[in-house]
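Here the structure comes first, spelled out in structure tokens, and everything after it is commentary.
Just so you know, all these numbers are worked out from the coordinates, no wet-lab data involved. Here the structure is a predicted model, which means the values were calculated and not measured. No Cβ is skipped: glycine too gets one built from the backbone with ideal geometry, and neighbour counts run over all protein chains shown.
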Amino acid sequence: MKRFAFVAAFILTAVAVSAPSSAQPQSDRLILAMALEPPHLDPTAGAAGAIDEILYANVFEGLTRVLANGAVAPALATSWTIAEDDLSATFMLREGVTFHDGSPFNAEVAKFALDRARADGAENAQPQLFAAIEDVVVDGPLQLTIRLSRPDGDLPYALAWGDAVMVHPDSAEANKQTPVGTGPFKFERWRRGDRVVLVRSDTYWGEKPALNTVEFAFIADPTVALAALLAGDVHAFPTFPTPESLPILEANTDYTVSIGTTEGETILAINSRKAPFDDIRVRRAISAAIDRQAVIDGAMYGTATPIGAHVPPHDPGYIDVTAVNAYDPSKAMALLEEAQVADLSVEIALPPPAYARRSGEIIAAQLREVGIDASVRPVEWAEWLSKVFRGKEFDLTIVAHTEPADVGIYARPDYYFATKDQVLKDALAALETEGDPNARMELLKTVQTRMADDAVNAFLFQLPKIGVWDARLTGLWQNAPLQANDVTGVSWSE
Amino acid sequence: MRLWWSALVLAVLLIGALVAAFWTPHAIDGVAIANRFASPSRQFPLGTDQYGRDTLSMLMAGGATSLGVAAAATIIGVGAGSVLGLMGVAFGGLGDGAVMRISDVVFAFPALIVAALLATAFGPGSINAVIAIGIFNIPVFARLSAASARRYFQLEFADAARLAGKSEVRIAAEHVAPNIAPIIATQAATQFAVAILAEAGLSYVGLGAQPPQVSWGRMLAESQTLVPIAPQLAIWPGIAITISVFAVTAFGETLRVRLDPRRTFEA
Amino acid sequence: MWRLKAFLKRVGVLAATLIGASLLIFLAMNVLPGDPAEVLLGMNASPEAIASLRAEMGLDRSLPLQFADFVGRALVGDFGVSATYGVPVIDLLAERASVSVPLAVLSVVLSVMFALPAGLYAATRRGRPADRAVEIGAQVGLSIPNVWLGLMLVFVFAVTLKIAPAGGFPGWGAGVLPALGALLLPAVSLAAPQAAILTRIVRAAVAEAMDEDYVALARAKGLSHAQAVRRHALANAWSPIVTIIGLQFGFLVAGAIVIETVFSLPGLGRLLFQGVAQRDLAVVQGVVLVLVATVIVVNSLCDAVADWRDPRRRAAIPPLASP
């Protein structure tokens, strides 16, 4: 008899514990879900976008920052002036800023942070941001001059990246585990594999955020992502992993579905160092064999915008060059015949994200339609980085280049894809130093036309930022000018 | 009765898989986005999937992989395991002890962990799934064949064979092996069922079949985010796995009863 | 004396297994493509930065040296530092075990609690429709892939009925009840095949015992049929149950790895996959060692317990199984 009493007790307990699972949201608490967990929490020492998605603007701030609309704005620097000769910039720093551990922020700290980020052998993932910096000089407690080896029109923008945020000499080394910044939220705890919790900082210099607690929960499984949202376990999924689930969420008025832009140009990169991809006709044939709209419909469920070059459609300098390599299977076959490559067999290396794996299956089928024997090979990121990206052992690969304003990669001689087009190279070189906005616009147009014309890569689509959140939430970013979840302006409305 | 229907289902599954290795009603390497999520029709009896491919053809091709991997892994287990177990007993003493100890060691590695290690070293794939499940099957058959073989080596016919000058290895091959074959066969059916489930689990977590290869586990994994809009895509492979495992196990159970009436322990 | 010897033998086998296992794992980890340092720093990092991180992580030493170092440290519970998280692996293991161990225990408890009454019920109605129903039910339970069961449970209980969380783990800090609630659906998915196997074992053991003379004797002494069954037949079922739990423990561990993925639980299985994907050698080695060691220890323990309960039991129970 005892046994059955035990069974009954257990069942009652089970019912009791499972009942209150979707608690009413508290007005100052936000649970925000992310697909990937960061390896550590120091934005200045790693490439993982997930680091910035937790810490950028929330915990760490730079001298400048990027706003939701992509504009560069003052942050820990209140203003700056560029010298006449374009070879130095002077920054006035904000007064009364302290780190979460109480250490003050000043010009010495700023110099330390910049020197640390740009040092030889530093773990910084974006050394090109600091490439033009000659040295950093402290002019006074709150004044700093950055001297440049060449004009760099993008300096205020470069300093707004998560890789250039301000860290204190006393806490910098421990930031990977216990990040200490100057932002409106301070780090509370990190339960690995589960979530990072931030709480409001009482010592913040600026306007205090409405939220008191923000939890970043890691939900790697796409099915759980949808279920967790529907069950109310999480309030927001700013980068929702499964576009196929959107119809259900859009039909439900409890949720806001927002399809915004990112800086992620998704391309089918072509290894033009290798025959027969060094033949422009083969590259053009590959581009013409791809039906971008079918790829977008099949892989992204229609949520993405097609691109014809490596510049996002929301960029002021964007021009539509998708027609240059429009879908034309007969043209593709004719080009292949002209190039005399019969029985061309190619392998498409596919890194883990769903956009790559899904697009890959569709593109392989489209290439087979024009007589190219295409196969796919799924790879993990580690192998992709070592074999494809550094080893350049690949035919084709699909990846989204998520860094903002990154056309410069087409000028790198040792990059995993490369162009021989001299006009393109010259335009890119000129863009590097050109300060005049109109001239930059013209150069960017040339760049896009030449990229499409040379068919450096097959340009597929701009990765969308699919955000889904509780309809009562306001203030989440619609677009992603950089990978970040700035929650400082988020609040619950009734 | 049970023998007949389970054998029939099993035959249909195996023939379907065998056919699919060479031919499917529709091509499975083409995509037709415009025709995705189609309802069942005369042309597509089970409808189409998220890429507009015929679900029936996908199920058949998936069965070829899933059942093929499971069968290969079982054969590895039966082959290597029975030989090891028999030889261990034939050589007796140290040989027996060594085989049993190694079996204990290997048995502590679940197939999933072996697959994870293989995938880390060589990348995931069906071959690695076969090896992982096969490795895990070896100690099962080694233990079983040794346990069943021991008493036969002590029976009169073994002594007679020894007097006739036959070696222990020959006795094992000529006299013991035929006697333990029924037990091995019934266990093979059980392990085949286990292997089907293992393959599904491995492919589901990404350690088994890789695109463009289709398998039931991969179909489950790929369709799970589609459950709210196209539940049939997740339900079909689930049913295929369940029916296969059910039929194989039922067949094995019937065999067990028929071939070895003394073993009533589980019947 | 004999007992001590047997005990020492078991311990010796355990130690040898662990060393063999760690060597296999170590070798597997060192022929793989991909460099953990590179993964951490991403696409724009300089070669110097990668080299300095490699040195920091100890990846520039010779293989035998790395292995000897690993074994030596493992003996004192030091599994190294996770390359991705930058914290000691032992801390990660402890953190994750606080999810995986309760999950495993809960599913064993659930499966026994289901199997005992179901097996008993079937055994007392042998050959009747109820018995057949239990048998078919057990067969179906064994045939359903637990991944699929997990998915279906999520959509029924979490998405449609909204009475259970869909996945994730609030942590024991959030209270015992919410934590148990998060483990309930995963434990049910994991318990289903175990419950099916155990039901059949209980049914067979009880049925066998009921045929024995002592049950008839007990009835003759005036005990009711139900009492006789409970006192004697059920007692007979414990030994095979313990044996099967021991034999099945490896499957439970493997199943838990998959189920943790389905439900996004931060357990040891998820840690293993993260380690594999990130090429985090220390983590993979640590997790596999811990899982394999647990399987061996539980196996031996169940074996010893079953031996003690019923020394005659050597009726070679074949490893019925689900992955």
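Numerical summary
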read-out: Cβ-based charge dipole, the protein assembly as shown, positive-most Cα from C:Pro266, A:Val379, C:Pro47; value: C:Pro266
read-out: Charge-dipole axis of region B:1-154 as Lys and Arg at +1 and Asp and Glu at -1 on Cβ define it, positive-most pick from B:Gly92, B:Phe122, B:His26; value: B:Gly92
read-out: Across A:Lys208/C:Lys162; A:Lys176/A:Lys274; A:Lys445/A:Lys465; A:Lys420/A:Lys465; A:Lys176/A:Lys392; A:Lys186/A:Lys387, pairs whose alpha-carbon gap is larger than 29 Å; value: A:Lys208/C:Lys162; A:Lys176/A:Lys274; A:Lys420/A:Lys465; A:Lys176/A:Lys392; A:Lys186/A:Lys387
read-out: Cβ crowding within 10 Å averaged over residues, with A:421-432, A:230-241 ranked highest first; value: A:230-241, A:421-432
read-out: Length-normalised contact order for chain A - Cα pairs under 8 Å, 6+ apart - percent; value: 20 percent
read-out: Karplus (6.51, -1.76, 1.60) ³J(HN,Hα), θ = phi - 60°, over region A:31-48, in Hz, Gly and Pro reported as x; value: 10, 10, 9, 10, 6, 10, 8, x, x, 7, 10, 10, x, 8, 9, x, 8, 4
read-out: C-alpha center-to-center spacing [region A:467-494, region B:1-60] in angstrom; value: 44 Å
read-out: Gaussian network model of chain B, springs between alpha carbon atoms under 10 Å - residue of B:Asn137, B:Asn128, B:Asn35 with greatest fluctuation; value: B:Asn35
read-out: Whole-Hz couplings from phi, Karplus 6.51/-1.76/1.60, listed for region B:40-48; x for Gly and Pro; value: x, 8, 4, 6, 10, x, 10, x, 10
read-out: Mean Cβ count within 10 Å, highest first, over the residues of peptides B:101-108, C:245-252; value: C:245-252, B:101-108
read-out: Size of charge dipole - chain A - debye, nearest 20, with Cβ of Lys, Arg +1 and Asp, Glu -1, no other charges; value: 1300 debye
read-out: Dipole axis of the protein assembly as shown (+1 Lys, Arg; -1 Asp, Glu on Cβ), positive-most option in A:Leu396, C:Gly167, C:Val188; value: C:Val188
read-out: Distant-in-sequence amide H partners of A:Lys465 (H built 1.01 Å from N, under 5 Å); value: A:Gly260, A:Thr261, A:Thr262
read-out: Aspartates and glutamates with Cα under 12 Å of C:Lys9, excluding same-chain neighbours fewer than 8 positions away; value: none
read-out: Calculated from backbone phi, Karplus (6.51, -1.76, 1.60) coupling profile of region A:284-301 in Hz, x at Gly/Pro; value: 5, 4, 4, 4, 6, 7, 9, 8, 4, 5, 5, 5, 5, 5, x, 8, 10, 6
read-out: Sites A:Val199 and A:Asn252 - FRET efficiency at Förster radius 30 Å, r taken between beta-carbons, to 0.05; value: 0.45
read-out: For chain B: relative contact order, % (alpha-carbon pairs under 8 angstrom, 6 or more apart); value: 23 percent
read-out: Relative packing of peptides B:243-250, B:223-230, C:191-198 - highest average C-beta neighbours within 10 Å first; value: C:191-198, B:243-250, B:223-230
read-out: Interchain or long-range residues, amide H under 5 Å from A:Val346's placed H; value: A:Asp373, A:Ala374, A:Ser375
read-out: Shielding by other protein chains, A:118-131, mean Cβ within 10 Å; value: 4
read-out: Test item: B:232-241 mean partner chain Cβ contacts at 10 Å; value: 2
read-out: Helix-derived mean residue ellipticity, 222 nm - over chain A, DSSP H n ≥ 4, -39500 (n - 2.57), to 500; value: -8000 deg cm²/dmol
read-out: Student exercise, the protein assembly as shown dipole from Lys, Arg, Asp, Glu Cβ charges, in Debye to nearest 20; value: 6360 debye
read-out: Net charge contributed by nearby residues that have their C-beta within less than 15 Å of C:Val290 (K/R +1, D/E -1); value: -2
read-out: Cα shape, region A:65-118, gyration tensor, a/c 1.5 rule; value: oblate
read-out: For A:Thr305, distant residues with modelled amide H under 5 Å away; value: A:Gln462
read-out: Percent antiparallel among DSSP beta bridges (both partners in the protein assembly as shown, rounded to 5); value: 75 percent
read-out: Shielding by partners, peptide A:30-38 (average Cβ within 10 angstrom, other chains); value: 1
read-out: Least to most buried among A:Glu215, B:Glu222 (fewest other Cβ within 10 Å first); value: A:Glu215, B:Glu222
read-out: Cα gyration tensor shape for the protein assembly as shown, rounded if a/c is under 1.5, else prolate or oblate; value: prolate
